[in-house]
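The values are calculated or read from the model by the stated rules, or taken from the named source; none is laboratory data. This is a predicted model, so every value here is computed, not measured. We place every Cβ from the backbone using ideal geometry, glycine too, and count neighbours over all the protein chains shown.
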Amino acid sequence: MGWLKRKKNKWKKKLMDASLKKALAAYIVLGAAGTFLTIMILQFICQSADNVIWGKYASEYAVSNLRAFYYVMWESMAQGDRVVIQILDFVESWSPVLCIIAGVALVSVLYYRDKLKTPLQILTDSAARIGCSDLNFQCEYHSEDEMGKLCESFEKMRKNLLENHQKMWNMMEEQKRLNHAFAHDLRTPLTVLHGYIDLLSKYHPQGNISEEKLLETLSMMDKQVIRLKRFGDTMQSVGTLEERMVEKKPVTAADITGDMKEMTAALDGSGGVHIWMDSRMPQTKELYLDEAIVCEVAENILSNSLRYAKEWVQVVMEEVGGFLEIYVQDDGPGFSEEGLKMAAKPYYKDKEEESQEHFGIGLYICYVLCGKHGGTLAIHNSVNGGAIISASFQVRPEEEEIR
């Protein structure tokens, strides 16, 4: 019986994989054969039973064309036999019509059950779940017919929708990071400008500031405004942080050192923290770098250190092997074990600082921009306590980078 079952399963699989047209033709042929056979069987049974009943009452009969003709008076039959004869005659007369109707109905039901019901249910459920924005499912129907291919196409559409939703989510998250980065990096220049304004409002009305110092302060304020404008134009032209373009230009060590001194001088004394800076580069050394990106990274690192420092922050700059290295050390509590691993991730905050207003994105911005500039961002704890954050930038000419 095992081989018979295997044969049955094999033909069933072939029928399931057949196209809808071929399967329908097969069901119609099988249904027609079954209907014809059923009609013939019913006709034979009715005629045989009819002959048996009539034969009970016949005393003589004649045979013509191999069929018996009984000469019996209808009135001489028993009432029950007459009823049975009438039923047999009805079945014999109407069995073709009834069998054809039953055959059509049965073929329709079986064809729908075997070829259409399951895939239609799968497609209906899948469409309902997609309509509810639920894409965490699979639209699978294992058949090689048109319904199987339709389910396969539906599954591809679901995967494309899921991929598009993921891309849209990533774009929204990236835009969120970009907005936070924009807001974050506006803070330091605004803080510097606010410090200069406080300085002027405090000393200028009393005439306690020289004209030279006044012009120097206004010049530094103008630089900060230009930086803000340039930064705003840059952020307006990019869709993600990764789209920021690095525009290297030849800059002397004296220029970048001057920028850092202006920055540290403006932030010195914030929160009672003293900042001192040491540049260990020959001031005539020519560096190829994007000054705006270097200053932006330095500001973010410095702002991060000022938030945790107790009394002092140290900034060291040097050029090593074609890289500009900026080290910022503070005397704060340092990073936790988790912070050492996660501080450069977007939106990371230590548990102790979750209630603070900062976005937790400053070091992530530094990490991205250092990478864009061919360098790295490293985070450590000092053996004497406090944190050390180092940022490196490749400052070789582009032709040397290619070689």
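Scanning region 264-279 for residues that are without any contact (Cβ under 8 Å) to a residue 24 or more places away in the chain and either part of a helix (DSSP H, G or I) or of a type in the set (A, V, I, L, M) (or both) turns up just one, 265. Answer yes if at least one residue in region 297-306 is within 30 Å of residue 229 (Cβ to Cβ), polar (S, T, N, Q) and touching a Ser or Thr at 6+ places or on another chain (Cβ under 7 Å), and no otherwise. Taking every residue of region 297-306 in turn, at least one turns out to be within 30 Å of residue 229 (Cβ to Cβ), polar (S, T, N, Q) and touching a Ser or Thr at 6+ places or on another chain (Cβ under 7 Å). Residue pairs whose Cβ atoms lie under 7 Å apart, separated by 6 or more positions or on different chains, with the first residue in region 346-375 and modelled with pLDDT of 85 or more and in a loop (DSSP other than H, G, I, E, B) and the second charged (D, E, K, R) and buried (at least 23 other Cβ atoms within 10 Å of the Cβ), do not occur. Being at pLDDT 75 or above and surrounded by 11 or more Cβ atoms within 10 Å (Cβ to Cβ) is the requirement here; does residue 164 meet it? Judged against the criteria, residue 164 is a match. Just so you know, in region 122-149 the residues that are buried (at least 17 other Cβ atoms within 10 Å of the Cβ) and assigned to a helix (DSSP H, G or I) include one that is nearest to the chain's Cα centre (by Cα), and it is 130. Taken over region 127-136, the criterion of being at pLDDT 85 or above and not β-branched (Val, Ile, Thr) is satisfied by 127, 128, 129, 131, 132, 134, 135, 136. The conditions of being of a type in the set (Lys, Arg) and at pLDDT 75 or above are not met by residue 229. Here residue 21 fulfils each of the conditions (1) at pLDDT 80 or above; (2) charged (D, E, K, R); (3) not assigned by TED's automatic domain parsing to the domain that holds residue 115 apart from (3).
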